[in-house]
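Trainee: What follows is a structure written as structure tokens; I'll ask about it next.
Computed from the coordinates by the stated procedures, all read-outs in this text should not be read as laboratory data. Everything numeric here is computed off the predicted structure, so don't read it as measured data. Cβ coordinates were reconstructed from backbone atoms using ideal geometry, including for glycine residues, and neighbour counts include every protein chain displayed.
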Amino acid sequence: MGRILVVDDMAAIRTSLREILEDESHEVEEAKDGEEALKKLEQNHFDVAFCDIKMPKIDGIELLERVKKAGIQTAFIMISAHGTKETALESIKRGAYFFIQKPFDSIETILIHLRNVLERNSLKEENRSLKKKITRNSSIIGQSAAIEHVRQMIEKVAPTDARVLITGSNGSGKELVARQLHEQSKRADHQMVEVNCAAIPSELIESELFGHEKGSFTSAIKQRIGKFEQAEGGTLFLDEIGDMSLSAQAKVLRALQENKITRVGGEKEINVNPRVIAATNKDLKREIAENRFREDLYHRLSVIVIRVPSLNERIEDIPLLVDKFLQDTAEEQGTRKKKISEKALQALQKHNWTGNIRELRNVVERLVIMSAEEITAEDVEKYL
């Protein structure tokens, strides 16, 4: 449910709208003119404002302009008995979500537009939250020479459209490198589309990558857009590329060579131009020698190769990583950040991290849950 402000100089309209909205369990406040509305909007959060255009002191259009200029996020639905097509267009041009003519056609019209704007607000908030989370979790932590070399590679390569092959063991942070390459590129305003080639059955990988036409196979009940098309203008991240079937590799090679794809079951060629970044934990040269990976595809993908070091190769970064994970865990659990002793950190640095960063992250979360106010060396020995 939303917090709604009804702004109108006619008491009857305010009362009518309040009753309609409160019947739908929304929280409603009223303002008799633009001046009163501006004060309320500056002092409190409202999801939506139903705002009359013709009012004394400050009219609806001026109120809308002032609100937008102040950076207030309230969505406006304009209402007026004197509206024309030009008035409606002008209000939407100034930033209103919609325009409703008085007298209202139906209660349902009001509720439909309100529901739409609340859903839009919810999606925007979710996107902001996701972007904040992605940005927070995509930073590369560390000051070791090995990780500094990776940073320098990213800095040089990211602004180009060169294809990049990221290598490294499981859990070492290959996805973070791909994310940084995207965020520092000219394509950052478009989306980064990720495909885990190991997680998709071989018989479905082509449909996943290139899409399919309705009826192309038994379960194809409607047309589907593939990842290559979804990533148009952005970045396509092919994770675990070494697990892709040879038949899919052949089609990916063609897409990279010609910048064209054909959907499964289709005949039309579709132009595509995503930047392709691939990652693998396998030795692709060995895979080529054993006829499990195409050599020509390898050369297409490996214009630039970035090797991500294992955690065992950068143990001096463990204190910084642990501090980051302690902070993240505290925020996720809504608790205070726990302290960790120097001896506990030294114990963590002596461990053989076969699972790399992912394993360290899990261990830190376990220690936070199981230990007292400060994580000790004894805790590490007990719960590692």
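Trainee: DSSP beta bridges in the range 227-384, what fraction antiparallel, as a percent rounded to 5?
Mentor: On the way: 3 of 9 bridges.
Approximately 35 percent, going by the DSSP bridge assignments.
Trainee: Under 14 Å Cα to Cα from Lys337, which aspartates and glutamates show up? Leave out anything in the same chain fewer than 8 places away.
Mentor: Asp323, Asp328, Glu365, Glu373, Glu374
Trainee: Follow-up question, since we're still on this one. Compute the signed sum of charges (Lys and Arg +1, Asp and Glu -1) over the other residues within less than 10 Å, Cβ to Cβ, of Thr280. Each step should come with its number before you reach the end.
Mentor: Working: positive: Lys174, Lys282; negative: Asp239, Glu240, Asp243, Asp283, Glu287.
That works out to -3.
Trainee: Right, here's the next one. May I ask what percent, to the nearest 5, of DSSP beta bridges between residues of the chain are antiparallel? Show your work: numbers first, answer last.
Mentor: Details: 5 of 43 bridges.
Here the antiparallel bridges make up roughly 10 percent for the chain.
Trainee: Amide H to amide H, which residues 5 or more places from Ile340 or on other chains are under 5 Å from it, using H placed in the peptide plane?
Mentor: Excluding prolines and chain starts, which carry no amide H, the hits are Ile375.
Trainee: Go through 7-16, 309-318 and give me the packing order, highest mean Cβ count within 10 Å leading.
Mentor: Numbers: 7-16: 17.4, 309-318: 19.3.
Most protected by this proxy first, the peptides run 309-318, 7-16.
Trainee: Rounded if a/c is under 1.5, else prolate if a/b beats b/c, else oblate: with a ≥ b ≥ c from the C-alpha gyration tensor eigenvalues square-rooted, which is the chain?
Mentor: Details: a/c = 2.78, a/b = 1.54, b/c = 1.80.
Oblate.
Trainee: Oh, and also: How are the alpha carbon pair distances in the range 138-309 distributed across 10 Å bins from zero to the largest one, expressed in percent?
Mentor: 10, 38, 35, 14, 2, 0
Trainee: Highest GNM mean-square fluctuation, the chain, Cα pairs closer than 10 Å: which of Phe237, Phe104, Phe210?
Mentor: Phe104
Trainee: Count neighbours as other Cβ atoms within 10 Å of each site's Cβ, and list the GluC sites (Glu not before Pro) in the range 200-236 that are DSSP loop with at most 12 such neighbours.
Mentor: Numbers: sites: Glu203, Glu206, Glu208, Glu213, Glu229, Glu232; in loops: Glu203, Glu213, Glu232.
Counting only loop positions with at most 12 other Cβ atoms within 10 Å, the GluC sites (Glu not before Pro) in the range 200-236 are Glu203.
Trainee: Right, something else. Convert each backbone phi in the range 33-50 into a coupling constant with the Karplus relation 6.51 cos²θ - 1.76 cosθ + 1.60 (shift: θ = phi - 60°), then list the ³J(HN,Hα) values in order as whole Hz, x for Gly and Pro.
Mentor: 7, x, 5, 5, 4, 4, 4, 5, 5, 6, 9, 9, 8, 10, 6, 9, 10, 8
Trainee: Related question: Just to be sure I understand: with springs between alpha-carbon atoms less than 10 Å apart, which residue in Ile304, Ile61, Ile205 has the highest mean-square fluctuation in the Gaussian network model of the chain?
Mentor: Highest fluctuation among the options: Ile61.
Trainee: Something else now. Determine the shape class of the range 1-69: with a ≥ b ≥ c the square roots of the Cα gyration tensor eigenvalues, call it rounded for a/c under 1.5, and otherwise prolate if a/b is greater than b/c, oblate otherwise. Please report the intermediate quantities before stating the final value.
Mentor: On the way: a/c = 2.27, a/b = 1.34, b/c = 1.70.
It comes out oblate by the Cα gyration axes.
Trainee: Which of Lys260, Lys57, Lys324 moves most in a GNM of the chain, Cα contacts under 10 Å?
Mentor: Lys57
Trainee: Here's another thing I want to ask about it. With 20 Å as the limit, write out which pairs from Lys174/Lys324; Lys174/Lys251; Lys40/Lys68; Lys57/Lys93 have Cα-Cα distances beyond it, or answer none.
Mentor: Listed pairs above 20 Å: Lys174/Lys251; Lys57/Lys93.
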